[in-house]
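I have placed the structure first, in the form of structure tokens, so that the comments after it can refer back to it.
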Amino acid sequence: MLKRTLSALACAIAMTLSMPAAAQKSDFSPVDYVNPLVGTLSTFELSTGNTYPAIARPWGMNFWTPQTGEMGNGWQYVYTDNKIRGFKQTHQPSPWINDFGQFSIMPVVGAPVFDQDKRASWFSHKGEVAKAYYYKVYLAEHDVVTEFAPTDRAAIFRFTFPDSKDSYVVVDAFDRGSAVEIDKANNRITGYTTRNSGGVPRNFKNYFVIEFDKPFEYVATVADGQINEGSLSQQANHAGAIIGFATRKGEKVNARVASSFISPEQALTNLKELGDDTLDEVAEKGRKAWNEVLGRVEVSGGDLDQMRTFYSCLYRSTLFPHKFYEVSDTGDIIHYSPEKGTVEKGYYYTGTGFWDTFRCLFPLLNLLYPSENLKMQEGLLNVYRESGFFPEWASPGHRGCMIGNNSASVLVDAYLKGVKVEDPETLYEGLIHGANNVHPRIGSTGRTGYQYYNELGYVPYDVGINENVARTLEYAYDDWCIYRMGKALGRDKQQTDLYAKRAMNYRNVFDPETRLMRGRNKNGDFMKPFSPLKWGDAFTEGNSWHYTWSVFHDPQGLIDLMGGDEAFVSMLDSVFIVPPAYDDSYYGGTIHEIREMTVMNMGNYAHGNQPIQHMIYLYDYAGQPWKAQYWLREVMNRLYSATPDGYCGDEDNGQTSAWYVFSALGFYPVCPGTDQYVMGAPLFKKAVLHLENGKTFEIDAPDNSSDNRYIDAMTVDGKRYTHNYITHGQILKGGKMEVEMSDKPNTRRGTARSDRPYSFSNENGAQP
């Protein structure tokens, strides 16, 4: 008997050891490390994320958030606020872009009140539970506990009321045109909201439906602040509804909510996502959905704060772009087109700005979530078909914000990494169109100044086009992306050569005297006077110290322009040595991005904004990777945390979070459009990537610690590895990277020319 028992035990142990890591850790729940309040301690003057608690499903169509700000305020939840005005359906990608398709729900007790200030209730973070999939808070003014949990397009609320003859729920459809209708027979409220911040045609509506499980004893509608008791319908600039009933102490009233951008009927279809589930069941399904998405990366061997920061960042990386498509009763994928104002077939995602997210958010999706990103890519083609342009900033349609033509990077990187749309010819057609045109109404879509750029090889400083050097640098990189796509599709060499030539246009705004990028006049002269500390003007939310490094596709070319490796490294070092001085005269005041740089004590390094976020990795291109390893750890340790002030600037739709995710793993996509990730050094002792193809890629650094931040040696699949990069293909085939960490830099590793990552200047056939 004992022998059989021991034998069975041995077999069980052997089976356990042979199981994949995910199977061994069936209780592993990464979503439990997520803090949705990270980044909410932000103001107009200083951003520590400019986020709100997005309670949602991954990439869900609708998010929900407690609303502390006034109606229409982009800062809809601020950690230091002490009153909640309602619980709001939101689609807001940032306070600067603001919201669309918004309405709110609020329980009140004592009297039917609609005014957002009068119905507001004190709350405390001590009485608040915020999970990615579930939210709970105690509203002190009304003695009501509010809970909610969402699906992609619906949500369920649970209000725990006190003993009261006067319990109410307020539905606020917001101003700028809204309507409500109360159906007492079905305990239902329907309506629509039109409030938006742009990017939609005149017929835009978000239709909502709310069904309660308790009959209404009181009904009223609201028109522009006037409460009309007994009224069942209302259409006004600012419409709302109030329903009421008597409640016992501890009585729970449930409300099931959904919305649609297509029709009231589709809103009812979307409500079916809830099925017959209770709030607890919806929350548990949400927990599982998040664990599936977050569990694609399994990290261990860090401290609790690092675990919380990592998974909070991964959560933020998997919210945007969010779904804007719906599923009909017959199972068809359909969407309201903000370009045409009609209902169209196919996928559609929105809520993202490519100026931010091309850098590493979309590369993260290509690596970990390619099937979801394929839907996004097909959605981008639908935007082009419906509007004539790929988006550059969308919320929900084209928005006039930022610069560049970085849809080229997003589309090309995905396609070249195997996330291939069904119609690459239309994709390429759209790339060429966007490179040689500008949207008739939205100057940030397409290329402002393309005529000058195509003729002169740069956008001049003195022709009335702002941020001209930044545009030139980004257009050059985007041209390289188009060149790469043209080659992949076997396009005519004459055409691909044209974009290869334009990809070198970054050289036209390089000033050899200062070794920095500098505005250049139409006659060829560099602009005067020149201050590398001047923000804006020729640059976008940064200065020359930040934008000089925006040559993603050709760092070697930039090294050569600066005079070689030592000069290049010296210039990189200078970014951290130069004091945080600045010239804000272009803006007429200190914008928050500047302030975020000055308070970090890292010289002129401005990680809180995107242009410089890749810069540290450029040490790898000049044969000094240990400096990258040092500074990357400094940034991760000093500028990120899982606290309400956990970012060092705007989080920006997953970009700043994805930077941390990649950097904590130990590599980063400096140049989307290549298959290479540039090496930093891992933050955790172990990380396992559970890839969609069923393979796993392990990163083992058992000696990692706060002191041991340098790579002393590395092997990939047991073979010595000195390259300062690893390829997408290497990761996708699965395997193991083993990293020996040290407290001292290894100045002999990664120094050979052959160890350097890709540069266009080194490519066979590159334009001189």
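The values are calculated or read from the model by the stated rules, or taken from the named source; none is laboratory data. Everything quoted here is computed from the prediction, not taken from an experiment. When we count neighbours, we look across all protein chains shown, and the Cβ atoms used for this are built from the backbone with ideal geometry, even at glycine.
The residues listed here are Asn704, Asn724, Asn693; of these, the one that is closer than 23 Å to Arg308 by Cα, of a type in the set (S, T, N, Q) and modelled with pLDDT of 95 or more is Asn704.
Being part of a loop (DSSP other than H, G, I, E, B) and either of a type in the set (Val, Ile, Thr) or more than 20 Å from the chain's Cα centre (by Cα) (or both) is the requirement here; does Ile432 meet it? So Ile432 fails the test. Just one of (1) touching a strand residue (DSSP E or B) at 6+ places or on another chain (Cβ under 8 Å); (2) surrounded by fewer than 17 Cβ atoms within 10 Å (Cβ to Cβ); (3) within 21 Å of Phe760 (Cβ to Cβ) fails for Phe526. It is (3).
Can you say whether Met602 is surrounded by 15 or more Cβ atoms within 10 Å (Cβ to Cβ) and not in a loop (DSSP other than H, G, I, E, B), as far as the supplied structure shows? It is false that Met602 is surrounded by 15 or more Cβ atoms within 10 Å (Cβ to Cβ) and not in a loop (DSSP other than H, G, I, E, B). Note on region 69-81: residues that are out of contact with any strand residue (DSSP E or B) (no Cβ under 6 Å at 6 or more places or on another chain) and under 10 Å from Thr40 (Cβ atoms) amount to 5. Checked against the criterion of being crowded, with 23+ Cβ neighbours inside 10 Å, under 30 Å from Ser387 (Cβ atoms) and among the β-branched types (Val, Ile, Thr), region 188-198 has at least one qualifying residue. Among the residues making up region 416-429, those that are over 20 Å from Arg502 (Cβ atoms), of a type outside the set (S, T, N, Q) and assigned to a helix (DSSP H, G or I) are Pro424, Glu425.
Scanning for something surrounded by fewer than 18 Cβ atoms within 10 Å (Cβ to Cβ) and not acidic (Asp, Glu), does region 675-689 turn up at least one residue?
Within region 675-689 (the criterion being surrounded by fewer than 18 Cβ atoms within 10 Å (Cβ to Cβ) and not acidic (Asp, Glu)), the answer is yes, since at least one residue qualifies.
A search for C-beta distances below 7 Å between a residue of region 536-561 that is in contact (Cβ under 8 Å) with a residue 12 or more places away in the chain and any residue that is among the β-branched types (Val, Ile, Thr) and in a loop (DSSP other than H, G, I, E, B), counting only pairs 6+ apart in sequence or on different chains, returns Thr540/Ile403; Trp545/Val578; Phe552/Val670; Gly557/Val551; Leu558/Val551.
Condition check ((1) more than 27 Å from Phe44 (Cβ to Cβ); (2) surrounded by 24 or more Cβ atoms within 10 Å (Cβ to Cβ); (3) assigned by TED's automatic domain parsing to the domain that holds Ser47; (4) modelled with pLDDT under 95) across all residues:
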residue	(1), (2), (3), (4)
Gln494	yes, no, no, no
Met504	yes, no, no, no
Val509	yes, yes, no, no
Pro512	yes, no, no, no
Asn521	yes, no, no, no
Phe530	yes, no, no, no
Asp560	yes, no, no, no
Ile591	no, no, no, no
Met597	no, yes, no, no
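For Glu181, the test of being farther than 19 Å from Phe114 by Cβ, touching a residue at least 40 places away in the same chain (Cβ under 8 Å), of a type in the set (Asp, Glu) and outside any loop (DSSP other than H, G, I, E, B) is failed. Would you mind listing the strands (runs of 3 or more DSSP E) fully within region 629-746 where at least 2 residues are of a type in the set (A, V, I, L, M, F, W, C) and within 30 Å of Phe63 (Cβ to Cβ)? Strands (runs of 3 or more DSSP E) meeting the threshold: 686-690. The set of residues in region 442-476 that are outside any helix (DSSP H, G or I) and without any contact (Cβ under 8 Å) to a residue 24 or more places away in the chain comprises Gly449, Val459, Gly464, Ile465. Only one entry of Asp583, Asp565 meets the criterion of being in contact with a strand residue (DSSP E or B) (Cβ under 7 Å, 6 or more places away or on another chain) and within 23 Å of Val509 (Cβ to Cβ), and that entry is Asp583.
Picking from Ser657, Ser663, which residue would you name as being more than 14 Å from Leu572 (Cα to Cα), out of contact with any Asp or Glu (no Cβ under 9 Å at 6 or more places or on another chain) and buried (at least 24 other Cβ atoms within 10 Å of the Cβ)?
Ser663
Only one entry in Thr643, Thr696, Thr656 is among the β-branched types (Val, Ile, Thr) and farther than 28 Å from Thr51 by Cβ, namely Thr696.
Kindly evaluate Ser409 against the criterion of being part of a helix (DSSP H, G or I), in contact (Cβ under 8 Å) with a residue 24 or more places away in the chain and touching a Cys at 6+ places or on another chain (Cβ under 9 Å). Taking the combined requirement at face value, the residue satisfies it.
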